[in-house]
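The values are calculated or read from the model by the stated rules, or taken from the named source; none is laboratory data. Computed from a predicted structure; not experimentally measured. Quick reminder, even Gly has a Cβ in these numbers, built from the backbone with ideal geometry, and neighbours come from all protein chains shown.
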Amino acid sequence: MKRFVLFASFAGVLTCAGAVAQQLAYQGQNRLAVPPDYREWVFLTSSLDLNYSDGTDNPSVLDNVFVNPEAYRAFVRTGTWPDKTMIVKENRIAASAGTISKSGKFQTQVLNMEMHVKDEARFSGKWAFFTSGDGKSPGVLVPMTATCYSCHSGHGAVDTTFVQFYPTLLEIAKTKGTLSPGYLNDQRSLSGAR
């Protein structure tokens with residue numbers, strides 16, 4: 001019986017390791033496949049027209065954010081992201097007129113996709129960004145000199161990620177005491193400005 005339990009535990013570890021390896025399907029040095037099942041992952045949040053520039057020339061966008069289930073479970077336990085975390089941000093064009101709608105906005109086709117990946121062995125800063133122009137073709141590595149890296153590093157609530165936009169996870173991070181100093185400084189500045 002003891003042997004069976006040990007074998008079953010080992011098989012479970014191999015299955016999880018296989019799932020992690022499958023989701024991080026690199027194609028060469030600078031490309032990452034979009035996981036085919038990401039819409040079955042844990043849904044973190046959505047937002048409307050969340051932008052870091054003035055956004056005046058941009059179309060209206062609704063986004064959906066998903067994370068691989070293994071990373072989500074680890075975050076719930078620890079308040080931070082484990083190695084091999086993959087966060088997928090699916091950006092969809094927001095339409096305001098449909099067949100019967102009179103007001104509001106709804107999601108239409110995928111505009112593009114962003115993937116935020118933690119792979120400590122592969123990336124010197126532990127995390128990297130990839131973008132897919134259509135949400136189907138492999139994501140291309142965003143150069144490490146891009147401002148998204150310094151912005152996430154300086155303002156991400158937990159481990160360079162914008163957990164401040166994921167309300168259920170923000171509460172976990174507060175409870176676990178894993179909020180970043182940059183985020184806490186931002187919060188102090190905002191409360192002092194009011």
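Observations on the model:
- Test result for Glu120, under 28 Å from Val34 (Cβ atoms), in contact (Cβ under 8 Å) with a residue 24 or more places away in the chain, exposed (fewer than 13 other Cβ atoms within 10 Å of the Cβ) and not β-branched (Val, Ile, Thr): yes
- Selection of first residues in the range 27-53 that are within 23 Å of Phe123 (Cα to Cα) and basic (Lys, Arg) and of second residues that are outside any strand (DSSP E or B) and at pLDDT 95 or above, restricted to Cβ pairs under 6 Å at least 6 apart or on distinct chains, gives the following pairs, ordered by first then second residue: Arg31/Pro138.
- Checking each residue in the range 70-110 for being within 19 Å of Ala33 (Cβ to Cβ) and part of a strand (DSSP E or B) picks out Met86, Ile87, Val88, Lys89, Glu90, Asn91, Val110.
- The lone criterion from (1) under 22 Å from Tyr149 (Cα atoms); (2) surrounded by 10 or more Cβ atoms within 10 Å (Cβ to Cβ); (3) at pLDDT 85 or above left unmet by Glu40 is number (1).
- Any chance Leu169 is surrounded by 16 or more Cβ atoms within 10 Å (Cβ to Cβ), without any contact (Cβ under 8 Å) to a residue 60 or more places away in the chain and either of a type in the set (A, V, I, L, M, F, W, C) or on the phi < 0 side of the Ramachandran plot (or both): no
- Number of positions in the range 149-163 that are buried (at least 16 other Cβ atoms within 10 Å of the Cβ) and either assigned to a helix (DSSP H, G or I) or among the polar types (S, T, N, Q) (or both): 6
- Test result for Thr108, of a type outside the set (D, E, K, R) and touching an Asp or Glu at 6+ places or on another chain (Cβ under 6 Å): no
- Subset of the range 120-165 (residues that are of a type in the set (Val, Ile, Thr), under 16 Å from Asn185 (Cβ atoms) and out of contact with any Ser or Thr (no Cβ under 6 Å at 6 or more places or on another chain)): Val163
- Filter result (charged (D, E, K, R) and more than 17 Å from the chain's Cα centre (by Cα)) within the range 73-130: Arg77, Lys102, Lys105, Arg122
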